[in-house]
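Please read the structure below before turning to the comments.
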Amino acid sequence: MLLEKSSEWQNTSRIKEFILLGFGNTKNINPLLFILFLTIYTVTLSGNLLIITLVMMEKHLHTPMYFFLSNLSYLEICYTTVIIPKMLGTFLSGKRSISFWGCILQMHFFCTLGATECYLLAAMSYDRYLAICRPFHYVLIMNNKTCILLVTISWINGSFLITILTSLLTQLTFCNRYKIDHFFCDFTPLVRLSCSDTWMIESVALMTSTVGLLSTFFITVSFYALIIRAILKIPSLDGKKKAFSTCSSHLTVVSIFYGSLMFVYILPTTGKFEDMKKGFSFVYTVLTPIVNPFIYSLRNKDIKEILRKEFFKFGTFSDYH
């Protein structure tokens, strides 16, 4: 027994890095993947920074809806920055290793941002509920103080829940298994590598996901059920279209985000489902942040009008010179 434990500690001391298996053997197409992900990263940053800049510069966008939208865009920038730069380095160098603490930190920041986004999407659904179902009380309730409070609570709750998991994760023992079958350091693949008893951390993870993921999901769905019911009661077709247009962008984003998230954490973790989970992880970690700015831009009259004016000004200025 003593020899066994001693051997385990020796093995543990050798674990100084993990290997991210990513999407399999992609050595021959690494240059193409580098160009693809660099393009995705550039477009994601540009699109989300554009939304943040427009909200800051245009006074008539200084409303709760756009305040939440700019915070969501900031989250999306952080999301991709946690994951994609490491992937770009891997495609360039061919080295798939990541240090032990680098992996822990990537997992911590990624999960914190994910949990925060769940709360932020719930706050945005509450904002849309008040705007459509309680329009006369909207200005009174959804003031600057309330908006800042909701965003602050989102960040605090997201950080608190994941900090608990991270602290428990650092107490696990990792022996001689160091290959992570994923393209980034996610919580479940990391826990699966541990040779410790993981009952405690898995139980806590279940509780935190219930509090952070399922509760915010049901809150968001409940608000949208009330919103849809209110829209259906509007007598005119134009009135229904106008009301629905104010929340359609957010509803689309919520559907993509939670849809892919649910598949990742509900599907079994073995066999063919493992590759499917990677695909859905790719959707909500990489594709969603790049798609969101386009969804809000193409389905939002205010942003489309501002962009049209700015392009017109730029075109006039170019012609003049």
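The values are calculated or read from the model by the stated rules, or taken from the named source; none is laboratory data. Predicted, not measured: the structure shown is a model, and the values here were computed from it. Here the Cβ positions follow ideal geometry from the backbone for every residue, glycine too, while neighbour counts run over all protein chains shown. Protein only, heavy atoms only, side chains kept; ligands, DNA and RNA dropped before computing areas. Shrake-Rupley method; radii C 1.70, N 1.55, O 1.52, S 1.80 Å.
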*Kindly state, as a whole number, the per residue volume in cubic angstrom of the convex hull around the alpha carbon atoms of region 104-192.*
98 Å³
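Checking understanding here: applying a Kyte-Doolittle mean of at least 0.5 and a length along the axis of at least 30 Å (C-alpha), which whole DSSP H helices in the chain pass? If you can, show how the numbers build up before the last one.
Values: long enough: 30-57 (39 Å, 1.87); 64-93 (44 Å, 0.95); 100-133 (49 Å, 0.92); 144-169 (38 Å, 1.44).
Result, helices passing both filters: 30-57, 64-93, 100-133, 144-169.
Determine the equivalent ellipsoid of region 143-275 by diagonalising the alpha-carbon gyration tensor, then write out the semi-axes as square roots of 5 times the eigenvalues, largest first, rounded to whole Å. Walk me through the numbers on the way to the answer.
Working: eigenvalues 296, 72, 27 Å².
The equivalent ellipsoid of region 143-275 has semi-axes of 38, 19, 12 Å.
Roughly how many Å² is the accessible area per residue of the chain, as a whole number, for a 1.4 Å probe? Each step should come with its number before you reach the end.
Working: 17600 Å² over 321 residues.
Ligands and nucleic acids excluded, the figure is 55 Å² per residue.
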_Here is the link list: Lys86/Lys278; Lys59/Lys309; Lys59/Lys241; Lys59/Lys240. Which ones come out longer than 19 Å on Cα distance?_
Lys59/Lys241; Lys59/Lys240
*asked:* How far apart, in nanometres, would the label points at Ile228 and Ile156 be if each is projected 7 angstrom from Cα along the Cα-to-Cβ direction?
replied: 3.3 nm
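Among residues other than Ile180 whose Cβ falls under 11 Å from its Cβ, what is the net charge (Lys/Arg +1, Asp/Glu -1)?
Details: positive: Arg96, Arg177, Lys179, Arg192; negative: Glu17, Asp181, Asp186.
Result for the local shell: +1.
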*Determine, from the Cβ-Cβ distance of Leu214 and Asn30 and an R0 of 45 Å, the FRET efficiency 1/(1 + (r/R0)^6), rounded to the nearest 0.05.*
0.70
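What value in Å³ per residue do you get for the convex hull of the alpha-carbon atoms in the chain?
Details: hull volume 53.6 nm³, N = 321.
Cα convex hull per residue, to the nearest whole number: 167 Å³.
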*Using a basic spin-label model with each label point 7 Å from the Cα along Cα→Cβ, how many nm lie between Thr53 and Thr252?*
2.2 nm
*When you count, for each residue, the other Cβ atoms within 10 Å and take the mean per peptide, how do 110-119, 185-194, 135-144, 281-290 rank with the highest first?*
110-119, 281-290, 185-194, 135-144
